[in-house]
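What follows is a single structure, written as C-alpha cells, with notes after it.
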Amino acid sequence: MDLAKVQELVFEVVAGLVADWDLDAEIGATTRLVANLEFESIDIIQMVVAFEERLQRRNLGFEKLLMVDGRYVDDLSLGQIAAFLHQRLAVAA
Amino acid sequence: MTRTLFIGLDGATFTILDELTSDPYGEGVTMPFLAGLIASGHKAPLRSTNHPLTPPAWVSLMTGRNPGSHGVFDFVRFKDMGHDVYFTLYDARDIQDETIWSLAGRQGRRIVSLNFPMMAPPPDIEGCLVPGFTSWKHLRRNMRPEGLYDRIKAIDGFDPKELAWDFERESKIGEDMADDEVEGWVRHHLPREAQWFRIADTLLEQENPDLFAVMFDGTDKIQHQAWHALDPALRPAEPSESWLRLRALCLGYFRELDGYIRRLVERAGPDAQVFLASDHGFTASPRVVRINRWLGEKGWLTWRTAGDSEAEKRRESANFAYLDWTKTLAFCPTPSSNGIAIRVARGPGEPGVPEADYESFRDTLVAELKEMRDPLTGEKVIRDVLLREQAFPGAAMGDCPDLTLVLSDYGFVSVRNVAPVVSMRATPTGTHHPDGIFIAAGPGIAPGASGRFSILDVPSILMHSLDLPVPRNFEGRVPDGLFAREVRVGPASRRMSAGTAAEPQVADEASEAEKLRILEQLKALGYLED
Ligand SMILES: [Zn+2]
C-alpha cells in the first residue's frame, strides 16, 4: 500500500472513531490526537483496535509508535500514524 | 419465544441479598420480587474462578473454561519487551475459547447479549450484542448488528454518557472516600442501571430471542465503595446521619434493581426459565497491602522516576506499575491482577532472573510472601499464593502472572510506591469474595437449595436450558437435580485460532524459553503428556 493510500485509511478510521464525539476538528495529516481530537489513553487503545480490525492484523507493533525510549509519547499526528503504518505494512509485505 | 433469560449481577452476594429479601431491621423488604423468585426456585452459592475477578470470571461463565484455557486474566494485558513493558487492555479477540453466544448461535438459537465484559470488538453473533465496559465514545462501532446503535438511540431517555463505562472514574475503586463522596458515587450508578434496563426491556420485546442475557454491574460498583453501609457485620451500633443516608441510597438502588428483574422476568413470560448469577461475591477488606513497595524493599523491583511531560505524569498515576525495567526481577502489574510476574532474563546481562534460577527464585518469593505480616497485629496478610500451573492450567497459562495472591481479607493489592507496606484503611472497602450467587426459577426447574455450584456450571446450565447439548470440553456440569429433563452431552466447543484470538507470540528466544518452561510445568503436573 502506498503512503497516500495508508493516509486515506488512517483518516477514514479516525473519522469513524470520532464521528459521535461532537468535535469541530478537521481530519488531516497535521491533526493531532490529543490536541485536536481530545483523545484520552482509552481512545488510543480503541484506535489501535480499530486499525487492527480494519487491517485484519494484530501484530502491527503499535507499542513502538506509542513508546519512544521507554517513555510514552505526548501526542501523535495522523501523518505520523500513517507513516508508521506505511512502514510496518511494508515490512510485513 | 424467549426460552432462557439470564440476568448477571456483577459481584452479587447472598451476604447482602439474604438481608434485602427479608426484613431484619424493619426497613421493609427491599427486593420482594427476588425473594419470591428464590422461594419458588433454586438457590446455591457460586464459586468463582481461582482469582475472582470480573473479566476472567465472566469469560469463564461465557466459555465454560477456566482462565488458563480462555486466556483472559485481568482488565489489563502486559507484554514484556525486556527493556520495557507495554500495557494495554484485554479485549474480545483475546478469548481463546468459543462463547455460549457463538455455540448457541451456530445451533440456530437467537441471542441478545448486553453489558458483558470483554465483548468488544464485538464478535459476530446471531442476534444483538452491546458490550459492557466500553466508553461512550466507542459504543456505536462496538455493537452488533450494524444499525443497532441507532435503534437504541431512539429509546426514550437514551444517553450514551450515562450508560457507558468511564475508565477514569472507575479507577477510583478501592480508594478511601468520605461518605458524601460515596453518595455521589452511588447516585451516579443509579441512572446507568436504568439506561441498561431500558435497552434490555426494549430488545427483549423487539427481538424475543431464545437466549436473552443482560448484566447489571452497579451491584459491584456500589458494593466496592459503600460496603460499610451494606455489610451486616459492619452495621454500626449507633448509625450516623451520613451512614443512614448512604444506606437508604444503596437500598434504593437495590429496590430499583428488583423492579428491573421483575419487569424482565414478566416480559420474558411464564414459559421462560430464569437464571441469575454473579461472577464473584463480596466481603470487607480492612487492610492495604502494597505489594510492589514490598518487592522494592526486598530489592527485587526498582521504581522509575517520571519525566515532566503530561503523558508521563498520566502514566505514573495510572493504576499499573511504572518501574525501571532494567532493574526489576518481579512486579505486580495491576491491583486487579493480585499477581506477581517473574521476569526471566532473555540472555546473559538482560534484565530478569536467569532461566536456571527461576524455580528457586519463585520458591523464595512464595515462602517470603506467605510470611508477610501485619506489623500491628502480627497476623499473616496473605492467605495463599497460587502457582499459575495449578490455578490456571491450560494453553493460555503463559499470559498469567507466575503467582496469584489471595490476601487474608480477599482484598486487592496496591501497586503504589507508598510506605508502609501494610496498613489499615480508614473504613473497610468492599472487595471480591470467591463465593457469588446462583438462582434459577421457572418451569422445569426443581425448587430448593444446593451446596456450592461452580461458575463453570452456569454455561452448561444455560446450554441445557436452551435444549442444546453441553459441549464435552466444558469444565463444569449441569448439577444433579436442578432440571427435570435429562442432560445431553455434545461436541466440544471450538478453540479460537490465532487469527481470531490473540496474536501468536513473537517467536524470539525469550518467548521460546518461556514456552518450554510452561510446557515443563504442565507436564510435571500431568496436564500434558510427554
Ligand atoms: Zn465482577
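Each of residue B:86 and residue B:175 was given a label point 7 Å from its Cα along the Cα-to-Cβ line. The distance between the two points is 2.9 nm.
Put the Cα centre of region B:250-305 next to the Cα centre of region B:48-69 and the gap is 14 Å. Heavy-atom accessible area with a 1.4 Å probe sorts B:282, B:78, largest first, into B:78, B:282.
When the solvent-accessible area of region A:3-92 is split by element, carbon and sulfur atoms take up 48 percent of it, the probe being 1.4 Å.
Projected label points at residue B:237 and residue A:3, each 7 Å from Cα along the beta carbon direction, are separated by 7.7 nanometres. Taking every C-alpha pair closer than 8 Å and separated by at least 6 residues, the mean separation divided by the residue count of chain B gives a relative contact order of 26 percent.
Taking 12 Å as the straight-line reach from the Cα of residue B:327, the aspartates and glutamates in range (excluding those fewer than 8 positions away in the same chain) are B:84, B:350.
The peptide list B:342-348, B:15-21, put in order of mean Cβ contacts within 10 Å with the highest first, becomes B:15-21, B:342-348. For the chain pair B and A, buried accessible area totals roughly 2700 Å², probe 1.4 Å, rounded to the nearest 100.
3J(HN,Hα) couplings calculated from phi for region B:442-454 with the Karplus curve 6.51 cos²θ - 1.76 cosθ + 1.60 (θ = phi - 60°) are, in sequence order, x, x, x, 9, 6, x, x, 9, 10, x, 4, 9, 9 Hz; Gly and Pro show x. What a 1.4 Å probe finds exposed on chain B is 50% carbon and sulfur by accessible area, rounded to a whole percent.
Would you calculate, for the protein assembly as shown, the mean residue ellipticity at 222 nm contributed by helices, counting each DSSP H stretch of 4 or more residues as -39,500 (n - 2.57) and dividing by all residues, to the nearest 500? Present the calculation step by step, with values, prior to reporting the outcome.
Values: 22 runs with 228 residues, N = 623.
Calculated mean residue ellipticity at 222 nm is -11000 deg cm²/dmol.
Within the assembled protein chains, the solvent-accessible surface assigned to residue B:151 is about 90 Å², based on a 1.4 Å probe. Shape analysis of region B:56-187 places it in the oblate category; the axes a ≥ b ≥ c from the Cα gyration tensor give an a/c of at least 1.5, with a/b not above b/c.
Proximity of backbone amide H atoms, modeled 1.01 Å from N, is registered between residue B:129 and B:113, B:144 at under 5 Å, excluding neighbours fewer than 5 places apart on the same chain. The mean number of partner chain beta-carbon atoms within 10 angstrom of a residue's beta-carbon across peptide B:136-142 is 6.
Quick one: order B:234, A:89 from most to least accessible surface, probe 1.4 Å. Present the calculation step by step, with values, prior to reporting the outcome.
On the way: B:234 60, A:89 35 Å².
Result of the area sort, largest leading: B:234, A:89.
Across peptide A:73-79, the average count of Cβ atoms from other chains found within 10 Å of a residue's Cβ is 2.
Rolling a 1.4 Å probe over the protein chains gives residue B:300 an accessible area of about 40 Å².
Please report the antiparallel percentage of the DSSP beta bridges confined to the protein assembly as shown, to the nearest 5.
Values: 40 of 68 bridges.
Counting DSSP beta bridges with both partners in the protein assembly as shown, the antiparallel share is about 60 percent.
Dividing the alpha-carbon radius of gyration of region A:3-92 by the rule-of-thumb value 2.2 N^0.38 Å gives 1.01. Here's how it looks for residue B:216: its modeled amide H is under 5 Å from those of B:8, B:9, B:10, which are all 5 or more places away or on a different chain. By a 1.4 Å probe calculation restricted to protein chains, residue A:27 has an accessible surface near 60 Å², given to the nearest 10.
Calculated accessible area for region A:3-92 comes out at 48 Å² per residue, all protein chains present (probe 1.4 Å; ligands, DNA, RNA ignored). Model label points for residue B:22 and residue B:124, set 7 angstrom from Cα along the Cα-to-Cβ axis, are 5.1 nm apart. Between the amide H of residue B:494 and those of B:98, distances stay under 5 Å, these residues lying 5 or more places away or on another chain, with hydrogens modeled in the peptide plane.
Considering only protein heavy atoms, with the full assembly of protein chains and a 1.4 angstrom probe, order B:386, A:60 by accessible area, largest first.
Numbers: B:386 30, A:60 0 Å².
Largest accessible area first, the list is B:386, A:60.
Using only Cα coordinates, the Kirkwood hydrodynamic radius of the protein assembly as shown works out to 25.5 Å. Extension gain for the segment residue A:21 to residue A:54, taken as residue separation times 0.36 nm less the Cα-Cα distance, is 9.8 nm to one decimal. In summary, the aspartates and glutamates within cross-link reach of residue B:380, defined as a Cα separation below 16 angstrom excluding same-chain residues under 8 places away, comprise B:368, B:371, B:409. Per-residue shielding of A:45-57, expressed as the average number of other chain Cβ atoms within 10 Å of the residue Cβ, stands at 3. Pairs from the table (A:64/B:137; A:64/B:221; B:153/B:221; B:79/B:172) lying more than 27 angstrom apart at Cα are A:64/B:221.
The values are calculated or read from the model by the stated rules, or taken from the named source; none is laboratory data. Being a predicted model, the structure only gives us computed values, none of them experimental. When we count neighbours, we look across all protein chains shown, and the Cβ atoms used for this are built from the backbone with ideal geometry, even at glycine. We work out accessible area using only protein heavy atoms, side chains counted, and drop any ligands, DNA or RNA first. Shrake-Rupley method; radii C 1.70, N 1.55, O 1.52, S 1.80 Å.
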